[in-house]
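The values are calculated or read from the model by the stated rules, or taken from the named source; none is laboratory data. This structure is a prediction, so every number in the text was calculated from the model and none was measured. When we count neighbours, we look across all protein chains shown, and the Cβ atoms used for this are built from the backbone with ideal geometry, even at glycine. These accessible areas exclude ligands, DNA and RNA; they are computed on the full protein's heavy atoms, side chains included. Shrake-Rupley method; radii C 1.70, N 1.55, O 1.52, S 1.80 Å.
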Amino acid sequence: MTTFVDRVELHVAAGNGGHGCASVHREKFKPLGGPDGGNGGRGGDVILTVDQSITTLLEYHHSPHRKATNGKPGEGGNRSGKDGQDLILPVPDGTVVLDKAGNVLADLVGHGTSYVAAQGGRGGLGNAALASARRKAPGFALLGEPGDLQDIVLELKTVADVALVGYPSAGKSSLISVLSAAKPKIADYPFTTLVPNLGVVTAGSTVYTIADVPGLIPGASQGKGLGLEFLRHVERCSVLVHVLDTATLESDRDPVSDLDIIEAELREYGGLDNRPRIVVLNKIDVPDGKDLAEMVRPDLEARGYRVFEASAVAHIGLKELSFALADLVGKARAAKPKEEATRIVIRPKAVDDAGFAVTREEIAGEPLFRVRGEKPERWVRQTDFNNDEAVGYLADRLNRLGVEEELMKAGARSGDGVAIGPEDNAVVFDWEPTVVAGAEMLGRRGEDHRFEAPRPAAQRRRDKQAEHDEAAQEFDDFEPF
């Protein structure tokens, strides 16, 4: 059974905002009580938060679909709907959040670090909040916005100071078991370690973490063995330790060639050239291992490596190795730039920034003007198009924002198509620039006389359809001689 997962694809959905309420206060002897519809509640967010007690992404491997709760709709009596509850997803320290294209969205390091993976939708305003001096009793309310839907990838990169790398069965698990209190699985067959193991080592006044990475083999950077899956766990480590087996039973292997092969795989993976290296010649408790270590040590030192002879079984050379690693870790920590308090940068929008843009497109030879912007698109999502008064309110808002003026500048004429929103989810309507905003045009609640007259483009379609039907009827009535 799988007990460790370090890469998952997660499908998260934030909560939808609750709809606003259109209500009129009713009380005895108060026939004109006024609007009292409450606002809808906000949808819940989906938030990833680092939890030090979590060490794997296994839970999300089994349950990749997560959704926050929706906001409640508003009610009469000025009662606002309840906000949706945020969904907190705990993730291990060192989790990287990516989109489907592989772009990094967030790097979560440090307990409590959080990232909003999907934002909940806004709640719609009730008619009480929409009332004004010109529209005293709105017969409509705004709809709640849908929450974000995101497909993200979570990758776990182990947060450790030292990484032990080497061939399978080189003795990495044995070393971490004697250097720290970690209890990894140890056996005399290859690929005993299937998941990274972490241990905490104390050397004098320095405390550091050490990671045992599953064994690497030639071609690991291209996916052979387990290397490609776990090489990412080496990225955050400050020091790399090559654990070389001096007592291998394979005749075609020796410590120097093993080192060259592992170094080639690290270079192929990339990003690890600047990490300091230490070489550990392990298993010198075996007589042939001791002789081989003394033979290859001068060659390795000539290459510039700091070499230690050790035996995890006989506990030889461990103290010197532990303090040497502590010294390198201390230097790496001192070289890191000090963390400064986050500066709050305020970037006000330009005075002439309308917040939207109008572009002209051609669809089947007909002009189509597309409006893109945060406000217009949000207003469209909040509009109930089954309510004429709500549609009229949308037209008034767009007019005040300056959309009509920009359409005129772009060359739009009466009856041209106007689309608000992206291509895959846009609201398209026929533009009529002569629509006049004003409360005096309104009739009963929920109605707007401005939309009773047929629009030019709609009338042209009706005329074309009538001509087509008439021609089809003449063809059917034609009798050949």
Residues of segment 128-169 with amide N under 20 Å of the 7 Å Cα→Cβ point at HIS65:
146-154
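Is there a pair in LYS67/LYS336; LYS82/LYS375; LYS28/LYS136; LYS157/LYS336; LYS157/LYS331; LYS82/LYS157 whose C-alpha atoms are over 28 Å apart, and which pairs would that be? Display every interim value, and only then the final one.
Numbers: LYS67/LYS336 39 Å; LYS82/LYS375 24 Å; LYS28/LYS136 20 Å; LYS157/LYS336 19 Å; LYS157/LYS331 22 Å; LYS82/LYS157 38 Å.
In this structure, LYS67/LYS336; LYS82/LYS157 exceed 28 Å between Cα atoms.
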Expressed in nanometres to one decimal, the distance between label points 7 Å along Cα→Cβ at PHE385 and VAL109 is 4.8 nm
Could you state how much accessible area TYR393 has, in square angstrom rounded to the nearest 10, with a 1.4 Å probe and all protein chains kept in place?
30 Å²
Just subtract the alpha-carbon distance of GLN473 and GLU301 from 0.36 nm times their residue separation and send over the number in nm, one decimal.
52.2 nm
Point-to-point label distance, LYS28-GLU362, nm (Cα→Cβ direction, 7 Å offset):
7.1 nm
Test of understanding: what is the full-extension gain from GLU9 to ILE346, defined as 0.36 nm times their sequence separation minus their Cα-Cα distance?
117.9 nm
Tell me the accessible surface of LYS100 in square angstrom (1.4 angstrom probe, heavy atoms of protein chains only), to the nearest ten.
120 Å²
What distance in nm separates the simple spin-label points at LYS409 and GLU320, each placed 7 Å from Cα in the Cβ direction?
7.7 nm
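Skip the ligands, DNA and RNA, and give the accessible area per residue of segment 93-152 with a 1.4 Å probe, whole Å². Walk me through the intermediate numbers first.
Details: 2800 Å² over 60 residues.
Spelled out: the 1.4 Å probe surface of segment 93-152, per residue, equals 47 Å².
With charges only on Cβ, +1 for K and R and -1 for D and E, what is the dipole size of segment 43-95 about its Cα centre, in debye, rounded to 20?
Working: 5 positive and 7 negative charges, 61 e Å.
Here the size comes out at about 300 debye.
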